[in-house]
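**Student:** Below: one structure in structure tokens.
The values are calculated or read from the model by the stated rules, or taken from the named source; none is laboratory data. Being a predicted model, the structure only gives us computed values, none of them experimental. For neighbour counting, all protein chains shown are included, and Cβ atoms are generated from backbone atoms with ideal geometry for every residue, glycine included.
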Amino acid sequence: MKKSTKVIIGVVIAAVLVCALALTYKFFGPSAQAGSKAYTLEVVDADGKTTSYEGTTDAEYLKEVMDELTENDEFTYEGTDSDYGIMINTINGVTADYNVDGAYWAIYVNGEYGQYGADTQPVADGDAFQFVYETAQ
């Protein structure tokens, strides 16, 4: 009887923790802004060449902005979907392969290293995004 009671208590505690984490993410995680927003997006490739894009969008997340830019043939990207979101491999024909040379595409938001992937990074009015080709040190 004591063993089954401990198991039930453990399951209840685990369920409470999962609910607490879900609520924390909901209230403190990334939130999208509806409506039209201005943005800038820069791509800094392996040679240090910078390509800039500016526009307005109704997109709520960075990946949607990227998709809009590809529709106009101004910008290209390739990536693979994973359990953690999209992993961007190639931007404007430049491939970053971590397995070959430790290279990856870093995302910066308003000058700060991004905390989210492109598909969960919210877009707010006036945001400045950068994709920077970087190598692990």
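**Student:** Is one or more of the residues making up segment 79-87 under 30 Å from Gly35 (Cα atoms), buried (at least 17 other Cβ atoms within 10 Å of the Cβ), out of contact with any Phe, Trp or Tyr (no Cβ under 8 Å at 6 or more places or on another chain) and assigned by TED's automatic domain parsing to the domain that holds Ala46?
**Tutor:** Yes; the residues of segment 79-87 include at least one that is under 30 Å from Gly35 (Cα atoms), buried (at least 17 other Cβ atoms within 10 Å of the Cβ), out of contact with any Phe, Trp or Tyr (no Cβ under 8 Å at 6 or more places or on another chain) and assigned by TED's automatic domain parsing to the domain that holds Ala46.
**Student:** Something else about it: Among the numbered conditions (1) free of Cβ contacts under 8 Å to residues at least 60 places away in the same chain; (2) buried (at least 17 other Cβ atoms within 10 Å of the Cβ), tell me where Leu62 comes up short.
**Tutor:** Just one mismatch for Leu62, condition (1).
**Student:** Inside segment 91-134, can you point out the residues that are among the hydroxyl-bearing types (Ser, Thr, Tyr), surrounded by 12 or more Cβ atoms within 10 Å (Cβ to Cβ) and assigned to a strand (DSSP E or B)?
**Tutor:** Thr95, Tyr104, Tyr108, Tyr133
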